[in-house]
Amino acid sequence: MTDQNDPNEKTPTRRDFLKTATATGAAALLATGNYAFAQGSDKIRVGLIGCGGRGTGAAADALQADPGATLTAMGDVLQSQLDRSLRTLQAQDGIKEKVQVAPDHMFVGLDAYKQVIASDVDVVLLTTPPGFRPLHIKAAAAAGKHIFAEKPLGTDAVGVRSALEAVKAAHAHTPRCFVSGFCYRYAEPHRAFYSRLREGALGEVRHIHATYITGPVKPMPPASSRPAGMSDVEWQIRNWYNFVWTCGDGLIEQACHSVDKILWAMKDVPPVRCVATGGRTRPNNEGNIFDHIDVFYEWENGVRATMAQRQIPDCFSDNTDYVIGTQGTGTVHFAAADMMTQTKWQTPPPKKDMYKLEHDALFAAIRSGKPINDVERMARSTLAGLMGRMAAYTGAMITWEQMLTSQENLFPAKLDWNGALAIAPMAVPGKTPFV
């Protein structure tokens with residue numbers, strides 16, 4: 001399937017695990033024009049699953065994207081977080097009148113996602129910690145909802161593949177929109193840069209260096225601060241950024257944006273292999289994620305890409321992509337990009353925030369009946385990130401083919417809010433096995 005956000009994108013020709021999805025999805029999209037929402041009404045009812053800061057922001061962006069977009073259901077594991085999100089949205093000028101969440105449509109608990117999906121919503125915003133993403137995507141896809149899913153697609157290969165297959169199966173019968181939280185794909189400077197790159201403005205791409213080096217996002221508090229009686233499950237979910245099963249590590253939860261842009265530059269052809277280094281330099285109490293990972297990707301044609309990820313305080317920060325071609329170089333920043341060949345080309349300042357643009361695209365597609373489906377690309381970029389994490393954790397060279405059959409499944413077999421859940425030991429390169 002070609003990327004509907006980029007008319008220049010071509011389907012990868014390598015042995016790509018998504019070829020079946022491409023054929024099935026494309027046929028389904030051509031076969032039906034039935035793209036219903038809120039039957040008999042101009043209203044598009046939105047349900048929010050995951051009411052933290054990112055979820056609240058996504059809900060605000062969704063409500064500004066369409067005159068008929070209305071928030072009618074919310075779900076979270078914490079009542080306090082849901083209440084805070086609702087108050088924030090109700091106080092925002094321009095959207096507060098569109099927040100119409102009745103008390104019986106405010107759901108709390110690990111099963112809150114089921115209740116939001118089962119309510120009368122047309123679109124679900126999936127913004128919980130990414131360890132829950134495959135579970136929520138499968139439920140939303142089976143229920144025929146339009147989906148906005150924050151990045152990444154999951155925190156392990158089994159979860160990512162299961163989410164992909166669920167969307168593929170559901171959309172084969174009734175296509176719906178699936179918009180990914182890889183928001184740079186919707187950003188004006190980035191779309192202009194990568195469109196020119198794919199047209200050959202820098203010649204053939206020979207090397208890419210991407211950085212996402214910054215400070216820690218949510219440091220792990222000491223065990224002594226854990227309230228008496230709080231379960232293992234609640235403690236880990238409250239501190240979700242510090243555990244591999246919930247966040248995937250910084251490379252997966254945050255720097256996956258950079259991995260996605262690396263693949264964008266490579267026309268979404270996945271790397272054939274990678275090696276990586278990584279570890280933890282600063283203690284993080286009970287947390288089991290690394291604070292730095294450097295990945296070295298390689299493609300069949302000999303192109304290399306390096307991905308430098310770090311979350312350590314009091315250090316130099318950089319979030320930039322550097323592209324070297326046979327005819328020049330390019331640099332991609334957060335909100336600007338440029339190319340240097342015989343002359344310099346650069347993007348003008350963006351006119352609109354990329355977070356808003358991705359929701360504008362989602363709701364425009366729903367209205368037009370021309371579905372956007374980012375799931376294939378989202379799966380590929382997430383797996384490429386997981387490939388790098390696995391190389392760093394194990395110390396082994398990891399191939400793309402291994403990722404397609406990896407049995408790593410980090411999500412607990414049984415999850416009880418009041419239950420026990422042992423914390424897995426931090427990976428040790430050279431000792432932690434490939435799964």
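Just so you know, all these numbers are worked out from the coordinates, no wet-lab data involved. Everything quoted here is computed from the prediction, not taken from an experiment. No Cβ is skipped: glycine too gets one built from the backbone with ideal geometry, and neighbour counts run over all protein chains shown.
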Residue among PRO270, PRO283, PRO227 with the largest mean-square fluctuation in a Gaussian network model of the chain, springs linking Cα atoms under 10 Å: PRO227
Eligible lysines near LYS356 by straight Cα distance, threshold 22 Å, same-chain separation 8 or greater: LYS43, LYS96, LYS98, LYS145, LYS151, LYS261, LYS370
Distant-in-sequence amide H partners of LEU153 (H built 1.01 Å from N, under 5 Å): THR382
Gyration tensor (alpha-carbon) shape descriptor, segment 338-405, a/c threshold 1.5: oblate
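Hey, can you rank 43-50, 81-88, 419-426 by average C-beta count inside 10 Å, highest first? Please list the in-between numbers first.
Details: 43-50: 25.5, 81-88: 18.1, 419-426: 12.0.
In descending order of packing, they fall as 43-50, 81-88, 419-426.
Grab the other residues whose beta carbon is less than 14 angstrom from that of ALA396, score K and R as +1, D and E as -1, and report the net. Mind showing how you got there, number by number?
On the way: positive: ARG273, ARG389, LYS431; negative: GLU401, GLU408.
Cβ neighbours under 14 Å give a net charge of +1.
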Amide H partners (placed H, <5 Å) of ALA69, local residues excluded: ILE44
Karplus 3J(HN,Hα) series, Hz, for segment 350-364 with 6.51 cos²θ - 1.76 cosθ + 1.60 (x for Gly, Pro): x, 8, 8, 4, 5, 5, 6, 4, 5, 7, 4, 5, 4, 6, 5
Projected label distance in nm at SER225 and ARG238, using a 7 Å step from Cα toward the beta-carbon: 1.0
Alpha-carbon centroids, segment 343-360 and segment 95-129: separation in whole Å: 30
Cα centroid separation, segment 263-283 to segment 42-88 (Å): 33
Farthest toward positive dipole pole in the chain [+1 Lys/Arg, -1 Asp/Glu at C-beta], among GLN342, GLY395, ALA60: GLN342
Over segment 75-219, equivalent-ellipsoid semi-axes from the Cα gyration tensor in Å: 32, 21, 17
Sparse-neighbour loop sites [GluC sites (Glu not before Pro); segment 264-308; at most 14 other C-beta within 10 Å; DSSP]: GLU300
Low-density loop positions, chymotrypsin sites (Phe, Trp or Tyr not before Pro), segment 318-369 - DSSP coil, at most 16 other Cβ in 10 Å: PHE334
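Around ALA265, with a cut-off of 9 angstrom between Cβ atoms, what is the net charge of the other residues, counting Lys and Arg +1 and Asp and Glu -1? Present the calculation step by step, with values, prior to reporting the outcome.
Working: positive: ARG198, LYS261, LYS267; negative: ASP321.
Charge balance near ALA265 sits at +2.
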Label corresponding to Cα extents along the principal axes in Å when calculated from the structure given, among [x] 82, 45, 44; [y] 75, 53, 35; [z] 59, 53, 39: [z]
Distance between segment 419-435 and segment 393-412 - C-alpha centres, whole angstrom: 13
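Using every Cα-Cα pair within segment 123-194, state what percent have a distance larger than 21 Å.
On the way: 682 of 2556 pairs.
Distances greater than 21 Å cover 27 percent of the Cα pairs.
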Dipole of the chain, positive end: most advanced residue of CYS256, LEU404, GLY181 [Cβ charges, Cα centre]: LEU404
Amide H contacts under 5 Å for GLY109, placed H, 5+ residues apart: ASP76, VAL77, LEU78
FRET efficiency estimate (nearest 0.05) - Cβ-Cβ, THR341 to THR405, R0 56 angstrom: 0.85
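With contacts defined as alpha carbon pairs under 8 Å and 6 or more residues apart, what's the relative contact order of the chain in percent? List each step's numbers first, then the result.
Details: 921 pairs, mean separation 87.2, N = 435.
Relative contact order here is 20 percent.
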Estimated FRET transfer efficiency (ALA201, ASP83; beta-carbon r; R0 56 Å; 0.05): 0.65
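Tell me, what does the Kirkwood hydrodynamic radius of segment 245-334 come to in angstroms if you use every pair of distinct C-alpha atoms? Could the numbers behind the result be given before it?
Details: mean 1/r = 0.0689 Å⁻¹.
It works out to 14.5 Å.
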Label point distance in nm, ARG280-MET426, each placed 7 Å from Cα along Cα→Cβ: 0.4
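If you restrict to DSSP beta bridges whose two residues both lie in the chain, what percentage is antiparallel, to the nearest 5?
Values: 34 of 64 bridges.
Just about 55 percent of them are antiparallel.
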Table column - 3J(HN,Hα) (Hz), segment 188-200, Karplus curve with 6.51, -1.76, 1.60, x for Gly and Pro: 4, x, 6, 4, 5, 5, 6, 5, 5, 4, 5, 7, x
Per-residue HN-Hα couplings for segment 140-146 [Karplus 6.51, -1.76, 1.60; θ = phi - 60°; Hz; x = Gly/Pro]: 5, 5, 4, 8, x, 8, 5
